[in-house]
1. Do any helices (runs of 4 or more DSSP H) lying entirely in the stretch 258-338 carry at least 3 residues that are among the acidic types (Asp, Glu), and which ones are they?
2. State whether one or more residues within the stretch 25-43 are of a type in the set (Phe, Trp, Tyr) and either more than 23 Å from Thr137 (Cα to Cα) or surrounded by fewer than 24 Cβ atoms within 10 Å (Cβ to Cβ) (or both).
3. Where the second residue is modelled with pLDDT under 95 and of a type outside the set (D, E, K, R) and the first is more than 13 Å from Met303 (Cβ to Cβ) and open to solvent by 10 Å² or more (accessible area, probe 1.4 Å) and lies in the stretch 259-277, which pairs have Cβ atoms under 7 Å and are six or more apart or on separate chains?
4. What number of residues in the stretch 421-457 are of a type in the set (Val, Ile, Thr), farther than 19 Å from Ala12 by Cα and open to solvent by less than 50 Å² (accessible area, probe 1.4 Å)?
5. Report yes if some residue within the stretch 290-302 is out of contact with any Pro (no Cβ under 7 Å at 6 or more places or on another chain), under 19 Å from Arg324 (Cβ atoms) and of a type outside the set (Gly, Ala, Ser); otherwise report no.
6. Could you check how many residues of the stretch 380-393 are closer than 11 Å to Leu347 by Cβ and not in a loop (DSSP other than H, G, I, E, B)?
7. Checking Phe21 against (1) within 30 Å of Glu154 (Cβ to Cβ); (2) open to solvent by 10 Å² or more (accessible area, probe 1.4 Å); (3) out of contact with any helix residue (DSSP H, G or I) (no Cβ under 8 Å at 6 or more places or on another chain), which single condition isn't satisfied?
8. Go through the stretch 16-42 and count every residue that is of a type outside the set (S, T, N, Q), farther than 15 Å from Ile176 by Cα and out of contact with any Phe, Trp or Tyr (no Cβ under 9 Å at 6 or more places or on another chain).
Amino acid sequence: MDNYIKVNFLGASGVVTGSKFLIETSEKNILIDCGMFQGLKELRELNWCDLPVDVSTIDLVLLTHGHLDHVGYLPRLVKQGFTGKIIGTAPTLAIAEIILRDSAKIQEEEAEKANKENYTKHNPALPFYTVKEAEKTAQMFQVEVEDKWINLSEHISYRFQYNGHILGATFIEMDIHTKRFVFSGDIGRANDYLLDAPKRPEWADFLFLESTYGNKLHPSEDVESILSEIIIDTVHKKGNLIIPSFAVERLQTLMYILWKLYKKNKIPNIPIFMDSPMGSNVLELFNRFPKWHKLSGSDINAMSHHVSIVQSYKETWETIDDKRSKVIIAGSGMVTGGRVLTYLQQLIDDSSTTVLMVGYQAEGTRGRQLLDGVHEIKLFGKYYPVKATIKHLESLSAHADQEELIHWMSNIINIPEKVYLIHGEPPALDALRVKIKEVYHWDVSVPKLSDVEKIII
């Protein structure tokens, strides 16, 4: 075997989304995650470019978890000639299949709508991938269990380790010869409503660490009191509360909290609509994978019955026409697509509407624009005035903050040769780099998109 490996930083380097890290060795070429870029237009346009490597030489893909910015590029990878296995934990692959199928369906619908209503510069507008391509990709999935070393070749083995964040999420430890490479994926929170605290690595020669909240501490908000106040205010205003939400984990967390608040008589019996076909599919996974979360079967059942699940687009319009005060939870979490756009199109210009942002909002997304206080927002090719009240609940984030990231590394008993900070915007990357140097005195590097690093092993 050659005495070095090559790491290609093909995504989530200098930015949060588009996670893709190609490890080239003389035995195997391994892609860690294969996500889509989201947010700024210049990043989204990168999705349409082929990868700058020979995709047919990639032997396998290992997935840390099922979010779109970690799995959303897989059908394009297959289209470019990838024929290997795509490996993850059972919940990760189940979520990835739901997300790919759902995002393909949305892309097909949006391309069709753009062509029909003629608000596209492309002639014709095309989906990024089709449902058929998503289904073909899912046929290449292979389940592996967590906490077990798997041999890939003579000198390469890996294992998945529980990481909180979302159902099935892991960090990946990979031994190549005598060196251990650790890919953090997205690290969860210690006190999550639905999930256990993440495990922590004990050894890392080369650590690839997410930095989404590398410059922030999550506020210690009383989530239940804040939500109660917002809902009571919504009822007083005879308005609507719209919560754009990620369909995986965040949506189920919100359902759980709202059900709990109602049970404790903290909120009135306001109708709650969940408009996310994907969210309802993910909810079924909580029943399927009970060992991966803290909810009991009776909790899942009760909270599901407390919420009306909107199935069709026709029902979306019926929900909008419903004159009662109500809570609407709809995808997507960063307001980049999905059913939430229709609700905002109809209700954002009404001062009795409140929009509650509950997750990370990447630069360039409508969610970030709303948080930044824009006076108008573009939906389906037209501008709508923002008269709704915009609120933010940051502590529901599924990502570790700076303190939790520092704690996550505290079990590592050796001194890593190098820490690579990934999955962050420049201010977060730089703040975490400074903090790690201050706390641990480790060698920290911040790779840029398309960087290639040669590592001697």
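1. Fully inside the stretch 258-338 and qualifying: 313-321.
2. There is no residue in the stretch 25-43 that is of a type in the set (Phe, Trp, Tyr) and either more than 23 Å from Thr137 (Cα to Cα) or surrounded by fewer than 24 Cβ atoms within 10 Å (Cβ to Cβ) (or both).
3. Within 7 Å, the pairs are Pro271/Ser308; Phe273/Ser308; Phe273/Val310; Pro277/Gln311.
4. Just the residues of the stretch 421-457 that are of a type in the set (Val, Ile, Thr), to begin with: 422, 434, 436, 439, 444, 446, 452, 455-457.
From what's left, farther than 19 Å from Ala12 by Cα: 434, 436, 439, 455-457.
Now narrow it down to the ones that are open to solvent by less than 50 Å² (accessible area, probe 1.4 Å): 436, 455, 457.
So the answer is 3.
5. No.
6. 1
7. Failed condition: (2).
8. Residues that pass the stated criteria total 4.
The values are calculated or read from the model by the stated rules, or taken from the named source; none is laboratory data. Owing to the predicted nature of the structure, the values given are computational and were not obtained by experimental measurement. Every residue, glycine among them, receives a Cβ derived from its backbone with ideal geometry; neighbour counts consider all protein chains shown. When the accessible area is computed, the model is the full protein with side chains, heavy atoms only, and any ligands, DNA or RNA have been set aside. Shrake-Rupley method; radii C 1.70, N 1.55, O 1.52, S 1.80 Å.
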